[in-house]
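*Asks:* Dropping a structure here in structure tokens format, bear with me for questions.
The values are calculated or read from the model by the stated rules, or taken from the named source; none is laboratory data. Values in this document were obtained by computation on a predicted structure and should not be read as measured data. Here the Cβ positions follow ideal geometry from the backbone for every residue, glycine too, while neighbour counts run over all protein chains shown.
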């Protein structure tokens with residue numbers, strides 16, 4: 001008898017050790033990335049039903065290929081392990097070449113998709129545009145009047161879609177005092193959230209002197225705002241739109 005639970009045997013840590021302050025760090029991410037709904041507000045995104053032929057395919061010799069990184073050459077397999085990768089799927093010419101999965105990850109298991117959500121949100125925007133519900137050329141304030149006075153007050157929905165908002169915001173991941181840290185709390189991804197909603201936070205952001213539409217800037221709040229605009233235009237919650 002070791003006194004270890006089945007959870008601890010599988011992951012080498014206890015479930016009570018996975019907290020809002022560490023769930024995106026290794027080793028806790030091995031569990032949290034597949035069970036994120038237990039930690040932060042989440043929506044399930046269903047995949048297209050798999051065909052009968054769908055199954056995991058081994059990458060075979062590709063895992064032994066050597067790649068040159070900052071620390072020197074190493075195999076693909078070694079890199080996947082040291083980078084705490086959960087799964088890898090390789091495609092070529094629109095066809096699947098093969099898959100690799102960490103010991104704690106199974107083929108077909110749910111997993112957090114992080115910024116793939118940006119692409120899904122853009123797809124939804126295109127669908128609603130096609131249905132005549134959403135107008136990319138409209139000003140942001142048509143759907144969100146309270147955006148007046150913020151960085152988005154004189155921007156178009158197209159600026160939001162293209163991430164060409166002249167936004168005074170930096171994604172400073174390691175600065176606990178930055179606006180990005182406030183953003184993480186507003187999304188309820190970090191401890192201390194709940195005092196400022198995501199919408200409230202976004203509407204405090206101000207613009208740069210440069211006009212909108214000139215420079216592409218990858219900024220996550222733009223995609224969050226796009227989701228809010230889609231909700232306003234459709235009258236439905238984002239999670240509901242994802243399941244239609």
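*Asks:* Got a sec? Which of 101, 28 is within 26 Å of residue 6 (Cβ to Cβ) and in contact with a strand residue (DSSP E or B) (Cβ under 6 Å, 6 or more places away or on another chain)?
*Replies:* Criteria check complete, one pass: 101.
*Asks:* Further question on the same structure: Hey, any hits in the range 205-214 for a residue that's closer than 23 Å to residue 43 by Cα and either touching a residue at least 12 places away in the same chain (Cβ under 8 Å) or in the same structural domain as residue 19 (by TED's automatic domain parsing) (or both)?
*Replies:* Looking for residues that are closer than 23 Å to residue 43 by Cα and either touching a residue at least 12 places away in the same chain (Cβ under 8 Å) or in the same structural domain as residue 19 (by TED's automatic domain parsing) (or both), one finds none in the range 205-214, hence no.
*Asks:* If you don't mind, another one. Which residues, counting only those in the range 8-20, are in contact (Cβ under 8 Å) with a residue 12 or more places away in the chain and touching a helix residue (DSSP H, G or I) at 6+ places or on another chain (Cβ under 6 Å)?
*Replies:* Answer for the range 8-20, where residues must be in contact (Cβ under 8 Å) with a residue 12 or more places away in the chain and touching a helix residue (DSSP H, G or I) at 6+ places or on another chain (Cβ under 6 Å): 11, 15, 18.
*Asks:* Criterion first (touching a helix residue (DSSP H, G or I) at 6+ places or on another chain (Cβ under 6 Å), over 30 Å from residue 48 (Cα atoms) and surrounded by fewer than 17 Cβ atoms within 10 Å (Cβ to Cβ)) does residue 171 satisfy it?
*Replies:* Yes: the conditions hold for residue 171.
*Asks:* I'm told residue 192 meets every condition in (1) modelled with pLDDT under 95; (2) under 20 Å from the mean Cα position of the chain (by Cα) except one. Can you identify the failing condition by its number?
*Replies:* Of everything listed in (1) modelled with pLDDT under 95; (2) under 20 Å from the mean Cα position of the chain (by Cα), residue 192 misses just condition (2).
*Asks:* If you don't mind, another one. Among the residues of the range 186-195, is any in contact with a helix residue (DSSP H, G or I) (Cβ under 9 Å, 6 or more places away or on another chain), crowded, with 20+ Cβ neighbours inside 10 Å and under 26 Å from residue 44 (Cβ atoms)?
*Replies:* Scanning the range 186-195, I find at least one residue that is in contact with a helix residue (DSSP H, G or I) (Cβ under 9 Å, 6 or more places away or on another chain), crowded, with 20+ Cβ neighbours inside 10 Å and under 26 Å from residue 44 (Cβ atoms), so the answer is yes.
*Asks:* Any idea which residue in the range 188-241 is nearest to residue 114 (Cα to Cα), counting only those that are touching a strand residue (DSSP E or B) at 6+ places or on another chain (Cβ under 9 Å) and not in a helix (DSSP H, G or I)?
*Replies:* 219
*Asks:* Just a yes or no: is a residue in the range 147-155 closer than 18 Å to residue 213 by Cβ, in contact with a strand residue (DSSP E or B) (Cβ under 7 Å, 6 or more places away or on another chain), loosely packed, with under 15 Cβ neighbours inside 10 Å and modelled with pLDDT of 95 or more?
*Replies:* Looking through the range 147-155, none of the residues is closer than 18 Å to residue 213 by Cβ, in contact with a strand residue (DSSP E or B) (Cβ under 7 Å, 6 or more places away or on another chain), loosely packed, with under 15 Cβ neighbours inside 10 Å and modelled with pLDDT of 95 or more.
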